[in-house]
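I have placed the structure first, in the form of structure tokens, so that the comments after it can refer back to it.
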Amino acid sequence: VLFYVMLLTLGLDSSYAWTETLVSSVDEFLQGRGYKVQTWRITLGLSVIMFLFGLVFTTRMGNEILDVIDMFVGTLFLLFVCFVEAVILNWNLGWRRLNLALRAATFGSKRFPRGRNIFPRPFCRVDFHVTVPLATIFLFLYRLQAVSRDPYGDYPRSLLAWGWTLLAICLATTLLTIWKCGASTMPAIEEDPRFDEVLGKVSNNEVEENVEVEIEEERKDPEDPDQDVG
């Protein structure tokens, strides 16, 4: 019983994540065109649409349809998305900003008062620049040619055509989004106020004051009502 309860909660968790992403995208799309729709209406409409699509998986061919979609969308497209994300992280975020972001997040802590650097640095940098992008695009192309050469699962062509169609739609949407994206809104590293401390733009007195405030807050017991009131 607990095993099936676990499967149910995992499914609900994934559904919440996908629904939240879709709702945010649709909401931003509508607001960008001057339409103001209440969030609960968007959520209800998308939930009904997803429910109707989900009825397909309750038919006699439901398992086969799920298997095909899982291969073409849940595997092939996911590998391609990971490759695109790795390229965007290298191109837009960059290694230096990533390292400074970690230092800024841990700056002033007891263990790392000057901020923590990425460790092990050489291994992580090779992963960031080489391993992740090359591994994901290689696996995507390898699985793509394997599915192209041998029909997946010996399913009928009509069923596989749906898988190829969904994959093409997902790839086209991703490439179109990249093509239409605007300029980056992130400020230059030297102009980003979040990196002032790690770059030494803040005086030592201010840093020491921030550390003392954090230490004092950690000493407080959140369960003590007197300290909460104070």
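The values are calculated or read from the model by the stated rules, or taken from the named source; none is laboratory data. Note that the structure is predicted; figures quoted are calculated from it, not measured. Cβ placement follows ideal geometry from the backbone for every residue including glycine, while neighbour counts extend to all protein chains displayed. Calculation scope for accessible area: heavy atoms of the full protein, side chains included, ligands and nucleic acids excluded. Shrake-Rupley method; radii C 1.70, N 1.55, O 1.52, S 1.80 Å.
Of note:
- Meets criteria (at pLDDT 75 or above and either farther than 30 Å from Phe80 by Cβ or open to solvent by less than 90 Å² (accessible area, probe 1.4 Å) (or both)) for Asp196: yes
- The numbered conditions (1) at pLDDT below 90; (2) in contact with a Cys (Cβ under 6 Å, 6 or more places away or on another chain) are all true for Phe77 except (1).
- For the stretch 32-44, a tally of residues being under 23 Å from the mean Cα position of the chain (by Cα) and free of Cβ contacts under 8 Å to residues at least 24 places away in the same chain returns 3.
- Total residues in the stretch 70-102, condition crowded, with 16+ Cβ neighbours inside 10 Å and over 27 Å from Cys181 (Cβ atoms): 1
- Residues in the stretch 179-191 that are surrounded by 11 or more Cβ atoms within 10 Å (Cβ to Cβ) and in contact (Cβ under 8 Å) with a residue 24 or more places away in the chain were compared, and the one that is farthest from the chain's Cα centre (by Cα) is Ile189.
- Within the stretch 146-178, considering residues that are of a type in the set (Ser, Thr, Tyr) and modelled with pLDDT under 95, the one nearest to the chain's Cα centre (by Cα): Thr174
- For the condition open to solvent by 70 Å² or more (accessible area, probe 1.4 Å) and either of a type in the set (S, T, N, Q) or under 21 Å from the mean Cα position of the chain (by Cα) (or both), Leu139 qualifies.
- Unmet criterion (only one of (1) outside any helix (DSSP H, G or I); (2) within 28 Å of Pro156 (Cβ to Cβ)) for Phe57: (1)
- Any hit, the stretch 103-126, residues being buried (at least 17 other Cβ atoms within 10 Å of the Cβ) and within 15 Å of the chain's Cα centre (by Cα): no
- Long-range neighbours under 9 Å by Cβ, at least six apart or interchain, first residue closer than 12 Å to Val87 by Cα within the stretch 119-139, second of a type in the set (D, E, K, R) and surrounded by fewer than 16 Cβ atoms within 10 Å (Cβ to Cβ): Val132/Glu85; Thr136/Glu85
- Residue match in the stretch 45-65 (condition: surrounded by 11 or more Cβ atoms within 10 Å (Cβ to Cβ), free of Cβ contacts under 8 Å to residues at least 40 places away in the same chain and farther than 26 Å from Trp162 by Cβ): no
- Test: Trp18 is open to solvent by less than 40 Å² (accessible area, probe 1.4 Å), within 23 Å of the chain's Cα centre (by Cα) and of a type in the set (Phe, Trp, Tyr): no
- Asp226 fulfils the conditions (1) modelled with pLDDT under 80; (2) within 18 Å of Thr106 (Cα to Cα); (3) assigned to a helix (DSSP H, G or I) except for a single criterion, (2).
- When Phe72, Phe112, Phe107, Phe80 are checked against the criterion of being among the aromatic types (Phe, Trp, Tyr), in contact with a helix residue (DSSP H, G or I) (Cβ under 7 Å, 6 or more places away or on another chain) and closer than 15 Å to Val198 by Cα, Phe112 stands alone in meeting it.
- Taken as a whole, the stretch 28-39 holds at least one residue that is closer than 24 Å to Leu175 by Cα, open to solvent by 80 Å² or more (accessible area, probe 1.4 Å) and not in a helix (DSSP H, G or I).
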